[in-house]
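The values are calculated or read from the model by the stated rules, or taken from the named source; none is laboratory data. This structure is a prediction, so every number in the text was calculated from the model and none was measured. Quick reminder, even Gly has a Cβ in these numbers, built from the backbone with ideal geometry, and neighbours come from all protein chains shown. The protein model used for the area step is the full one, side chains on, heavy atoms only, and it has no ligands, DNA or RNA in it. Shrake-Rupley method; radii C 1.70, N 1.55, O 1.52, S 1.80 Å.
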Amino acid sequence: MRFRAVVFDLWQTLVPWPAESALELYAQMADAAGAQREEFVAAWHTHRERRETGPLADSVRVLFDALRLEADPEVVLSLRRKWTRAALVPRPGALETLAELRRRGHVLGLITVCSEDVSQEWESSAFGGTFDARVFSCDARLSKPDPRIYELCCKRLGVQPDEVLYVGDGANYELPGAQRVGMTAVQLRVPGEELTEPGKEWRGATIASLEEVLELA
(Lines give C-alpha, C1' and ligand atoms only; values in the text may rest on other atoms or scores of the structure.)
Protein backbone atom coordinates (compact mmCIF):
# COMPACT_ATOMS: atom_id res chain seq x y z
CA MET A 1 0.00 0.00 0.00
CA ARG A 2 1.69 3.20 -1.19
CA PHE A 3 -0.48 5.65 0.77
CA ARG A 4 -2.06 5.21 4.18
CA ALA A 5 -4.72 7.81 3.39
CA VAL A 6 -6.59 9.13 0.39
CA VAL A 7 -8.14 12.60 0.72
CA PHE A 8 -10.75 13.88 -1.71
CA ASP A 9 -12.18 17.20 -2.76
CA LEU A 10 -15.99 17.33 -3.06
CA TRP A 11 -17.35 19.54 -5.83
CA GLN A 12 -16.38 18.52 -9.36
CA THR A 13 -14.52 15.56 -7.86
CA LEU A 14 -16.83 13.29 -5.88
CA VAL A 15 -19.87 15.29 -7.03
CA PRO A 16 -20.12 17.04 -10.41
CA TRP A 17 -20.97 20.72 -9.94
CA PRO A 18 -24.62 21.16 -11.05
CA ALA A 19 -24.08 24.46 -12.86
CA GLU A 20 -27.51 24.77 -14.45
CA SER A 21 -29.43 24.08 -11.26
CA ALA A 22 -27.14 26.50 -9.40
CA LEU A 23 -28.17 29.26 -11.79
CA GLU A 24 -31.81 28.35 -11.20
CA LEU A 25 -31.20 28.49 -7.46
CA TYR A 26 -29.73 31.99 -7.65
CA ALA A 27 -32.84 33.19 -9.46
CA GLN A 28 -35.13 31.48 -6.93
CA MET A 29 -33.26 33.00 -3.99
CA ALA A 30 -33.39 36.47 -5.54
CA ASP A 31 -37.11 36.20 -6.18
CA ALA A 32 -37.80 34.89 -2.68
CA ALA A 33 -35.79 37.75 -1.17
CA GLY A 34 -37.53 40.34 -3.33
CA ALA A 35 -34.28 41.36 -4.98
CA GLN A 36 -33.33 42.19 -8.54
CA ARG A 37 -31.76 39.00 -9.90
CA GLU A 38 -28.53 40.37 -11.36
CA GLU A 39 -27.88 42.51 -8.29
CA PHE A 40 -28.53 39.57 -5.96
CA VAL A 41 -26.28 37.16 -7.89
CA ALA A 42 -23.45 39.70 -7.96
CA ALA A 43 -23.75 40.20 -4.20
CA TRP A 44 -23.96 36.44 -3.61
CA HIS A 45 -20.66 35.90 -5.38
CA THR A 46 -19.08 38.87 -3.60
CA HIS A 47 -19.90 37.27 -0.24
CA ARG A 48 -18.57 33.85 -1.21
CA GLU A 49 -15.49 33.88 1.02
CA ARG A 50 -17.51 34.99 4.04
CA ARG A 51 -20.01 32.13 3.76
CA GLU A 52 -17.32 29.56 2.97
CA THR A 53 -15.32 30.39 6.10
CA GLY A 54 -18.09 31.19 8.56
CA PRO A 55 -21.78 30.78 9.41
CA LEU A 56 -24.04 30.81 6.36
CA ALA A 57 -26.83 32.66 8.17
CA ASP A 58 -24.46 35.49 9.11
CA SER A 59 -23.27 35.93 5.53
CA VAL A 60 -26.84 35.99 4.22
CA ARG A 61 -27.83 38.61 6.79
CA VAL A 62 -24.89 40.77 5.74
CA LEU A 63 -25.93 40.34 2.10
CA PHE A 64 -29.52 41.32 2.93
CA ASP A 65 -28.31 44.40 4.78
CA ALA A 66 -26.07 45.38 1.86
CA LEU A 67 -28.99 45.12 -0.58
CA ARG A 68 -31.46 46.63 1.92
CA LEU A 69 -33.75 43.64 1.71
CA GLU A 70 -36.56 43.31 4.22
CA ALA A 71 -37.39 39.62 3.69
CA ASP A 72 -36.55 36.97 6.28
CA PRO A 73 -33.12 35.50 5.41
CA GLU A 74 -34.57 32.06 6.16
CA VAL A 75 -36.32 32.13 2.77
CA VAL A 76 -32.88 31.98 1.15
CA LEU A 77 -31.37 29.57 3.66
CA SER A 78 -34.16 27.02 3.23
CA LEU A 79 -33.87 27.16 -0.57
CA ARG A 80 -30.11 26.67 -0.31
CA ARG A 81 -30.42 23.65 2.00
CA LYS A 82 -33.05 22.07 -0.25
CA TRP A 83 -30.81 22.58 -3.29
CA THR A 84 -27.82 21.09 -1.52
CA ARG A 85 -29.77 17.97 -0.51
CA ALA A 86 -30.61 17.40 -4.15
CA ALA A 87 -27.11 18.29 -5.39
CA LEU A 88 -25.10 15.91 -3.21
CA VAL A 89 -25.31 13.04 -5.68
CA PRO A 90 -22.12 10.98 -6.02
CA ARG A 91 -20.39 10.83 -9.37
CA PRO A 92 -20.77 7.36 -10.96
CA GLY A 93 -18.16 5.09 -9.42
CA ALA A 94 -17.47 7.38 -6.44
CA LEU A 95 -19.03 5.27 -3.70
CA GLU A 96 -17.63 2.07 -5.16
CA THR A 97 -14.13 3.58 -5.26
CA LEU A 98 -14.39 4.79 -1.68
CA ALA A 99 -15.62 1.38 -0.52
CA GLU A 100 -12.76 -0.42 -2.27
CA LEU A 101 -10.17 1.94 -0.81
CA ARG A 102 -11.54 1.27 2.64
CA ARG A 103 -11.56 -2.48 1.99
CA ARG A 104 -7.87 -2.25 1.11
CA GLY A 105 -7.13 -0.58 4.42
CA HIS A 106 -6.84 3.10 3.48
CA VAL A 107 -8.25 5.79 5.74
CA LEU A 108 -10.38 8.35 3.90
CA GLY A 109 -10.51 12.11 4.22
CA LEU A 110 -12.53 14.94 2.73
CA ILE A 111 -11.49 18.58 2.40
CA THR A 112 -14.06 20.82 0.79
CA VAL A 113 -14.57 24.53 0.33
CA CYS A 114 -18.27 24.95 1.04
CA SER A 115 -20.93 26.76 3.03
CA GLU A 116 -22.76 25.36 6.04
CA ASP A 117 -25.58 23.83 4.03
CA VAL A 118 -23.14 21.10 2.93
CA SER A 119 -21.99 20.21 6.43
CA GLN A 120 -25.59 20.34 7.68
CA GLU A 121 -26.86 17.98 5.00
CA TRP A 122 -23.79 15.74 4.85
CA GLU A 123 -24.76 12.86 7.10
CA SER A 124 -28.15 12.45 5.43
CA SER A 125 -26.50 12.30 2.00
CA ALA A 126 -25.17 9.21 0.25
CA PHE A 127 -21.74 10.06 1.71
CA GLY A 128 -22.84 9.90 5.33
CA GLY A 129 -20.47 7.74 7.40
CA THR A 130 -18.08 7.22 4.49
CA PHE A 131 -15.09 9.29 5.63
CA ASP A 132 -12.81 8.96 8.62
CA ALA A 133 -12.20 12.71 8.67
CA ARG A 134 -14.14 15.57 7.11
CA VAL A 135 -12.94 19.16 6.91
CA PHE A 136 -15.56 21.67 5.79
CA SER A 137 -14.08 25.12 5.22
CA CYS A 138 -17.13 26.81 6.75
CA ASP A 139 -16.62 24.94 10.04
CA ALA A 140 -12.80 25.03 10.07
CA ARG A 141 -12.79 28.77 9.20
CA LEU A 142 -10.08 27.92 6.69
CA SER A 143 -10.06 27.58 2.93
CA LYS A 144 -7.82 26.00 0.33
CA PRO A 145 -4.96 26.38 -0.37
CA ASP A 146 -4.18 27.44 3.22
CA PRO A 147 -1.76 24.75 4.47
CA ARG A 148 -3.60 24.56 7.77
CA ILE A 149 -6.68 23.00 6.18
CA TYR A 150 -4.62 20.08 4.85
CA GLU A 151 -2.73 19.75 8.13
CA LEU A 152 -6.03 19.66 10.02
CA CYS A 153 -7.26 16.78 7.90
CA CYS A 154 -4.01 14.89 8.44
CA LYS A 155 -4.27 15.42 12.19
CA ARG A 156 -7.82 14.06 12.22
CA LEU A 157 -6.77 11.06 10.15
CA GLY A 158 -3.68 10.40 12.27
CA VAL A 159 -1.31 10.45 9.28
CA GLN A 160 1.60 12.51 7.99
CA PRO A 161 1.19 14.52 4.75
CA ASP A 162 3.68 12.31 2.88
CA GLU A 163 1.35 9.36 3.56
CA VAL A 164 -1.54 11.03 1.72
CA LEU A 165 -2.78 10.92 -1.86
CA TYR A 166 -4.89 14.02 -2.54
CA VAL A 167 -7.49 13.92 -5.34
CA GLY A 168 -9.26 17.03 -6.66
CA ASP A 169 -10.31 18.88 -9.80
CA GLY A 170 -7.88 21.71 -9.06
CA ALA A 171 -10.19 24.55 -8.06
CA ASN A 172 -8.96 27.00 -5.40
CA TYR A 173 -5.36 26.01 -6.23
CA GLU A 174 -5.97 22.98 -4.04
CA LEU A 175 -3.48 20.72 -5.84
CA PRO A 176 -0.34 22.85 -5.44
CA GLY A 177 -1.57 23.58 -1.93
CA ALA A 178 -1.63 19.85 -1.15
CA GLN A 179 1.82 19.44 -2.66
CA ARG A 180 3.29 22.25 -0.59
CA VAL A 181 2.41 20.47 2.65
CA GLY A 182 3.95 17.23 1.39
CA MET A 183 0.98 15.33 -0.05
CA THR A 184 1.00 13.63 -3.44
CA ALA A 185 -1.60 15.41 -5.59
CA VAL A 186 -3.48 14.16 -8.63
CA GLN A 187 -6.11 15.98 -10.67
CA LEU A 188 -9.40 14.43 -11.70
CA ARG A 189 -9.79 15.67 -15.26
CA VAL A 190 -12.92 14.06 -16.67
CA PRO A 191 -13.19 14.36 -20.46
CA GLY A 192 -15.85 16.86 -21.47
CA GLU A 193 -16.10 18.53 -18.05
CA GLU A 194 -15.06 22.17 -17.69
CA LEU A 195 -12.22 23.03 -15.33
CA THR A 196 -11.77 26.20 -13.30
CA GLU A 197 -8.90 28.51 -14.27
CA PRO A 198 -6.70 27.15 -11.44
CA GLY A 199 -7.55 23.65 -12.62
CA LYS A 200 -6.48 24.46 -16.16
CA GLU A 201 -3.11 25.64 -14.85
CA TRP A 202 -2.25 22.30 -13.24
CA ARG A 203 0.66 20.54 -14.95
CA GLY A 204 1.01 17.58 -12.61
CA ALA A 205 -0.46 14.08 -12.65
CA THR A 206 -4.02 13.59 -13.88
CA ILE A 207 -6.61 10.83 -14.02
CA ALA A 208 -9.77 10.63 -16.13
CA SER A 209 -11.96 8.73 -13.64
CA LEU A 210 -12.18 8.12 -9.92
CA GLU A 211 -11.66 4.40 -10.46
CA GLU A 212 -8.08 5.21 -11.50
CA VAL A 213 -7.37 6.24 -7.90
CA LEU A 214 -7.28 2.53 -7.09
CA GLU A 215 -4.25 2.14 -9.36
CA LEU A 216 -2.38 4.94 -7.60
CA ALA A 217 -3.18 4.32 -3.94
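Taking the criterion of being aliphatic (A, V, I, L, M), outside any helix (DSSP H, G or I) and surrounded by 15 or more Cβ atoms within 10 Å (Cβ to Cβ), the residues of region 178-211 that qualify are VAL181, MET183, ALA185, VAL186, LEU188, VAL190, LEU195, ILE207.
Of the listed requirements (1) in contact with a Pro (Cβ under 8 Å, 6 or more places away or on another chain); (2) without any contact (Cβ under 8 Å) to a residue 24 or more places away in the chain, VAL181 misses just one: (2).
VAL135 meets all of the listed conditions (1) of a type outside the set (S, T, N, Q); (2) assigned to a helix (DSSP H, G or I); (3) free of Cβ contacts under 8 Å to residues at least 40 places away in the same chain but one, namely (2). The single residue among LEU142, LEU175 that is modelled with pLDDT of 95 or more and under 20 Å from PHE3 (Cβ atoms) turns out to be LEU175.
Can you name every residue in region 6-47 that is of a type in the set (Phe, Trp, Tyr) and open to solvent by 50 Å² or more (accessible area, probe 1.4 Å)? TRP17, the sole residue that qualifies.
Annotation: PRO145 fulfils all but one of (1) out of contact with any strand residue (DSSP E or B) (no Cβ under 9 Å at 6 or more places or on another chain); (2) open to solvent by 60 Å² or more (accessible area, probe 1.4 Å); (3) not in a helix (DSSP H, G or I); the unmet one is (2).
Among the residues of region 52-103, those identified as outside any helix (DSSP H, G or I) and among the small types (Gly, Ala, Ser) are GLY54, ALA71, GLY93.
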